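Take a look at the structure set out below.
The values are calculated or read from the model by the stated rules, or taken from the named source; none is laboratory data. Because the structure is a prediction, the values reported are computed rather than measured. Don't worry about glycine lacking a Cβ; one is built from the backbone with ideal geometry, like all the others, and counts go over all protein chains shown.
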Amino acid sequence: MKRASHERSYKDPVCGMEVSYLTAADTSEHEGKTYYFCAQSCRQAFDAEPQQYLHQHRQHGMPPGHSE
Ligand SMILES: [Zn+2]
């Protein structure tokens, strides 16, 4: 519990921006998980091709473990 004072944030899988459930412009559910997006255009891109964004996790310049 080291982030108790920080609201939970999620990474927008499309653009990589960090958003929280308070600041997210839109959300989408995929395979039982909720994803948060900075903009509706990001959600639309994700909805069109979710696998593309989930699979590129960690492959393109994202250091593993950077954002826990
Ligand atoms: Zn975004």
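Might you check whether a residue that is away from the ligand (no atom under 15 Å from the Cβ), at pLDDT below 95 and surrounded by 11 or more Cβ atoms within 10 Å (Cβ to Cβ) occurs anywhere in the range 41-51? No: the range 41-51 contains no residue that is away from the ligand (no atom under 15 Å from the Cβ), at pLDDT below 95 and surrounded by 11 or more Cβ atoms within 10 Å (Cβ to Cβ). Pairing each residue of the range 16-31 that is within 16 Å of residue 47 (Cα to Cα) and away from the ligand (no atom under 12 Å from the Cβ) with any residue that is outside any loop (DSSP other than H, G, I, E, B) and acidic (Asp, Glu), provided the two are 6+ apart or on different chains, yields no C-beta distance under 6 Å.
For the range 20-34, a residue qualifies if it is under 18 Å from residue 50 (Cα atoms), assigned to a strand (DSSP E or B) and in contact with a Lys or Arg (Cβ under 8 Å, 6 or more places away or on another chain), and the qualifying residues are 26, 27, 28.
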